[in-house]
Amino acid sequence: MIDKLAPAKVAFYAPLKPPGHVTPSGDRRFARLLMRALRQAGFQVDLASSLRSRNADGNVTRQQQIEARAARLIPKLLARYAQNPPDIWFTYHLYHKAPDLLGPAISRALNIPYVVAEASVAPAKGSGPWARGYRLCLDALDQAALVLQPNPKDFAGVAPCLRSSADQVALPPFLDARLEGAPFTHRVDHRTAWAARLSLPMDVPWLIATGMMRDGDKKQSFLVLSKVLQQLGPANLRLILVGDGPARAEITAAFAGEGRVCFAGMLDARALRQLNAACDLYVWPAVGEAFGMAPLEAQAAGLPVVIGDRPGVRAMVQDGETGLLTPEGDALALARAIETLLADPLRRGEMAQAARAHIQAHHDISSAALLLRDALSPLIKGR
């Protein structure tokens, strides 16, 4: 028997990228934050598995191999949970390239609620290389009792896939605002240190852009940034690019001959917080961006954000107050918005304060913990 006086137990699973994966990314970061928020909400959190179901290119053989691994793992998980089963199964980030091959089966066998945080549906993937992953996602959503959505644009696509008894609830992206914002109070010290580390002049504006340097939308955003610098003409500034990955060489080549660019490489969380605090603007074209953690981190550190207008981004950035939204991937519009803020230090300062206050009020982990507690507790009480 489960001791009902003990904290309710949540089995956590992230099929796209497990929280212990060696490669940093926004997905890994948000998975870790979700686990932390669940604990802060009073739940006991158990990492159910680190099985990665991601099938990036839709390879059928690889999909079959992943499914076979999952099938072997399910009996082991059921045996592990035989004496002390979880009260809820919680899956983070469900879509056709990374279906949940464990949660639906375990939830059915244990008769526990199945919960998903961040789900998206792309009907166009119902045929072609990801057709199997697409169908598996639909099956999982049909079993879900609750879907928590960080990105407002996903509500409409997921709604028809849910049972009438299931709910969708907005879960605004979040972070630890106190931790991320702490370096702001020592901005001058951090700027001095980073000027020496990266050989940057202290007296010109520093723009920062953060992202994984991989093929696809991320690479396209970096390539747009190379065009932004061209549109900015001879403006005296520095653009600091943070990140690394397989597309690094191609991205570097796009900035060839541009002396205002600094490649900072991959930084750990502490170093990135300090560098954010030392900069003047966060800039990002946001090509194909869902929501992303980098704009949240930048605002928490007191950086106004100039970024492409996407639904998920729009939910994090208050246009005209904490930053400026520009048409997605539009280099000229991004450059003009950057020029507008660089020419107005007073407005930048007001936006910096507003950005920090906005993150603290609406995107802090404490608010997320309360939301998770209120959303999940009825599912447990109703059992």
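Distance between the C-alpha centres of region 258-273 and region 23-37: 20 Å, rounded to the whole angstrom.
For region 304-365, applying the loop criterion from DSSP together with a ceiling of 15 other beta carbons within 10 Å to the GluC sites (Glu not before Pro) yields E321.
Separation of region 95-113 from region 327-345 is 44 Å, based on Cα centroids. Between the listed residues W130, A105, C161, the Cα displaced farthest toward the positive end of the dipole of the chain, a dipole computed from Cβ unit charges relative to the Cα centre, is found at A105. When only alpha carbons of region 177-362 are considered, Rg and Dmax amount to 14.8, 43 Å.
Against the globular-protein guess of 2.2 N^0.38 Å, express the Cα radius of gyration of the chain as a ratio, rounded to two decimals. Intermediate results must be reported in sequence, preceding the final value.
Numbers: Rg = 21.8 Å, N = 383, 2.2 N^0.38 = 21.1 Å.
My calculation over the Cα atoms of the chain gives 1.03.
Expressed in whole Å with the largest first, what are the equivalent ellipsoid semi-axes of region 252-383 derived from the C-alpha gyration tensor as the square root of 5 times each eigenvalue? Semi-axes, largest first: 31, 17, 16 Å.
Name the shape class, rounded, prolate or oblate, that the alpha-carbon gyration tensor gives for region 189-262, where a ≥ b ≥ c are the square roots of its eigenvalues, rounded holds for a/c under 1.5, and otherwise prolate holds if a/b is larger than b/c and oblate otherwise.
Numbers: a/c = 2.28, a/b = 1.44, b/c = 1.59.
Oblate.
Lysine pair count for the chain with Cα-Cα distance under 23 Å and sequence separation of 8 or more or different chains is 21.
For region 109-167, the list of trypsin sites (Lys or Arg not before Pro) that fall in a loop by DSSP and count at most 14 other C-beta atoms within 10 angstrom reads R163. Rounded, prolate or oblate for region 1-96? Axes are the square roots of the Cα gyration tensor eigenvalues, ordered a ≥ b ≥ c, and the cut-off for rounded is a/c under 1.5. Judged from the Cα gyration tensor, region 1-96 comes out oblate (a/c at least 1.5, b/c at or above a/b). Sorted on the mean count of surrounding Cβ atoms within 10 Å across their residues, most packed first, peptides 186-196, 6-16, 35-45 read 6-16, 35-45, 186-196. Calculated mean residue ellipticity at 222 nm for the chain: -13500 deg cm²/dmol, from DSSP H runs with n ≥ 4 weighted as -39500 (n - 2.57), summed, divided by the residue count and rounded to 500.
FYI, it's all coordinate maths here, none of it is from the lab. Please read all numbers here as calculations on a predicted model, not as lab measurements. Don't worry about glycine lacking a Cβ; one is built from the backbone with ideal geometry, like all the others, and counts go over all protein chains shown.
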